[in-house]
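Here's the structure we're looking at; comments come further down.
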Amino acid sequence: MKLGFIGLGSVIDTAWLPALQRLNISPAQCFGFDVDAARAPAGITRCDSLEALLATQPDMVLITTASLAHLPVLEQVLQTAVPRIVVEKPVAATLAQLARLQELLARPEHASRVLAFDHWMARDGVAQLAHGDPDSDWQPEAAYSLVSTPILSLADIAKIEGYLLEPSGFNAQGEPIALNFATGEPDTRQLRHPDGVIVDIGTHVLAMMHETLAAVGVNNQLRLTLCEAKDRLGNAITPGDVTTAEGSAHLQGELGGIPLEIWLNKYAGPAGGQKGIRLHLHNGTVLSQDRRGAQDVLEIWQDETVKRWTLDGPIYGRCLGRFILGANSIFARMPEQVSILTQRRIAEVTALLQLQQQLRGPH
């Protein structure tokens with residue numbers, strides 16, 4: 001399969017290329033273009049223009065530009081015959097862009113080939129546990145007997161919690177600084193709105209929650225309210241501020257009628273690193289999936305008993321292998337799900353961008 005990357009920023013080096021290497025995707029199959037001529041990651045054949053990239057007739061285009069450019073690039077690609085188009089999160093960066101995107105996707109020939117991507121949508125261990133035993137890829141901590149299905153109906157679910165608390169460091173002035181999620185090195189980017197935690201990492205948590213609840217029959221009705229948002233230094237974001245990025249945020253709401261709560265923090269300090277969800281049942285059972293080091297950890301807490309499974313490896317590689325590339329591609333395996341998944345990602349980004357309007361005022 002010939003891949004075409006549009007946008008060759010840091011996410012390519014830190015996430016996409018390592019994932020492709022683990023999946024044994026040949027570099028000879030990877031082409032790319034970026035408006036910044038200095039971006040030329042090893043392993044991708046760089047094209048001089050977007051037109052030149054599209055002229056290679058890729059089997060799949062992956063839009064990995066800055067978020068504001070996702071929609072205009074997608075519009076250009078949709079004018080070609082590329083059969084599979086994957087757009088990194090967030091699928092669009094403004095409410096106006098989302099409205100235009102929905103106009104484009106109203107045409108079935110467009111909707112069937114556009115997948116809004118978030119690699120956390122592959123983190124479905126809790127959904128597996130809700131139906132009984134997790135897949136064989138998960139390694140049990142002990143020889144457990146078969147897990148009985150803990151969720152018999154939606155009425156069993158009390159609430160769902162999500163969290164992404166990034167570990168962070170400190171600069172010479174003692175101020176918190178973000179760390180690259182893949183390398184752990186200081187993130188030298190000057191983060192500005194709209195690249196604060198609400199949209200930048202809130203999309204991950206919502207995608208994981210949404211896919212988990214969709215697997216047990218919850219509909220796509222999503223409502224969010226903002227409890228608190230602060231900048232990198234812990235100061236409140238004030239109305240009218242359309243520059244400062246949020247460093248932390250606390251959200252509440254409902255997804256398909258199920259109460260939800262989300263904690264986001266890009267500056268959680270050395271103790272950070274918690275990344276996952278907890279599904280609480282009315283009988284006191286808790287289903288949990290967290291990220292600990294290089295592993296995902298899946299747990300079911302019942303009374304004083306904890307059963308635990310682990311799954312090694314980066315999330316990106318798992319998502320690409322299970323949803324995007326090869327025989328397991330959602331485009332080939334369940335093509336009718338492509339537009340459904342995209343509409344879920346659109347609903348999530350819409351809700352998060354609406355929070356931004358409430359926080360900062362119309363902009």
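Helix by helix through the chain, keep the DSSP H runs that span 18 Å or more along the axis on Cα and average at least -1.0 on Kyte-Doolittle, and give those back in order.
Numbers: long enough: 202-215 (20 Å, 0.66); 336-360 (37 Å, -0.15).
Those that clear 18 Å and a mean of -1.0 are 202-215, 336-360.
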(request) Find the Cα radius of gyration of segment 42-83, compare it with 2.2 N^0.38 Å by division, and give the number to two decimals. (result) 1.15
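Which of Lys2/Lys275; Lys266/Lys307; Lys89/Lys307; Lys89/Lys266 have a Cα-Cα distance over 28 Å? Let's see the in-between values first.
Values: Lys2/Lys275 33 Å; Lys266/Lys307 30 Å; Lys89/Lys307 33 Å; Lys89/Lys266 17 Å.
Lys2/Lys275; Lys266/Lys307; Lys89/Lys307, as the Cα separations exceed 28 Å there.
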(message) Per residue of segment 108-120, what does 6.51 cos²θ - 1.76 cosθ + 1.60 with θ = phi - 60° give for ³J(HN,Hα)? Whole Hz please, x for Gly and Pro, Karplus curve as stated.
(response) x, 5, 8, 4, 6, 10, 10, 10, 7, 9, 9, 5, 6
(message) From zero outward in steps of 5 Å, how is the percent of C-alpha pairs of segment 146-240 spread across the bins?
(response) 2, 8, 16, 19, 15, 12, 10, 8, 5, 2, 1
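Listed highest first by mean packing, meaning other Cβ atoms within 10 Å per residue, what order do 326-338, 109-121 come in? Don't skip to the answer; put the middle values down first.
Values: 326-338: 14.2, 109-121: 21.2.
Those peptides, ordered most packed to least, come out 109-121, 326-338.
May I ask for the Kirkwood hydrodynamic radius of the chain, worked out over all distinct Cα pairs and given in angstroms to one decimal? Each step should come with its number before you reach the end.
Working: mean 1/r = 0.0471 Å⁻¹.
That comes to 21.2 Å for the chain.
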(request) Working with all protein chains in place, sort Phe170, Phe5, Phe323 by solvent-accessible area computed with a 1.4 Å probe, largest first. (result) Phe170, Phe323, Phe5
(request) Grab the eigenvalues of the alpha-carbon gyration tensor for segment 243-349, scale each by 5, take roots, and send me the semi-axes largest first in whole angstrom. (result) 26, 21, 19
(message) Given contacts defined as C-alpha pairs under 8 Å and at least six residues apart, what's the relative contact order of the chain, whole-number percent?
(response) 19 percent
(message) Calculate log10 I(q)/I(0) of segment 173-294 for q = 0.09, 0.22 Å⁻¹, where I(q) comes from the Debye formula with a single equal point scatterer on each Cα and nothing for solvent.
(response) -0.29, -1.36
(request) From largest accessible area down, sort Thr14, Thr342, Thr305; use a 1.4 Å probe on the protein chains. (result) Thr305, Thr14, Thr342
(request) Treat every Asp and Glu Cβ in the chain as -1 and every Lys and Arg Cβ as +1, leave all other atoms uncharged, and give the resulting dipole magnitude about the Cα centre to the nearest 20 debye. (result) 420 debye
(request) Determine the sum of side-chain charges near Ala37: Lys and Arg each +1, Asp and Glu each -1, restricted to other residues whose C-beta is under 13 angstrom from that of Ala37. (result) -1
(request) Would you please state which residues of segment 81-98 a label at Gln357 would reach in this model, taking the label point 7 Å out along Cα→Cβ and a backbone N cut-off of under 13 Å? (result) 94-98
(message) Relative to 2.2 N^0.38 Å, what does the C-alpha radius of gyration of segment 108-175 come to as a ratio? Two decimals please.
(response) 1.76
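Above 26 angstrom, tally the Cα pairs of segment 46-188 and express them as a % of all pairs, no decimals. Don't jump to the answer; show the numbers that get you there.
On the way: 5478 of 10153 pairs.
I get 54 percent for the Cα pairs in segment 46-188 exceeding 26 Å.
Out of all Cα-Cα pairs in segment 1-77, roughly what percent, to the nearest whole number, are more than 14 Å apart? Could the numbers behind the result be given before it?
Working: 1652 of 2926 pairs.
Cα-Cα pairs in segment 1-77 separated by more than 14 Å: 56 percent.
The values are calculated or read from the model by the stated rules, or taken from the named source; none is laboratory data. A quick note: this is a predicted structure, and the numbers were derived from the prediction, not measured. Ideal geometry is used to build each Cβ from the backbone, glycine not excepted, and the neighbour counts take in all protein chains shown. Keep in mind that these areas ignore ligands, DNA and RNA; they rest on the heavy atoms of the full protein, side chains included. Shrake-Rupley method; radii C 1.70, N 1.55, O 1.52, S 1.80 Å.
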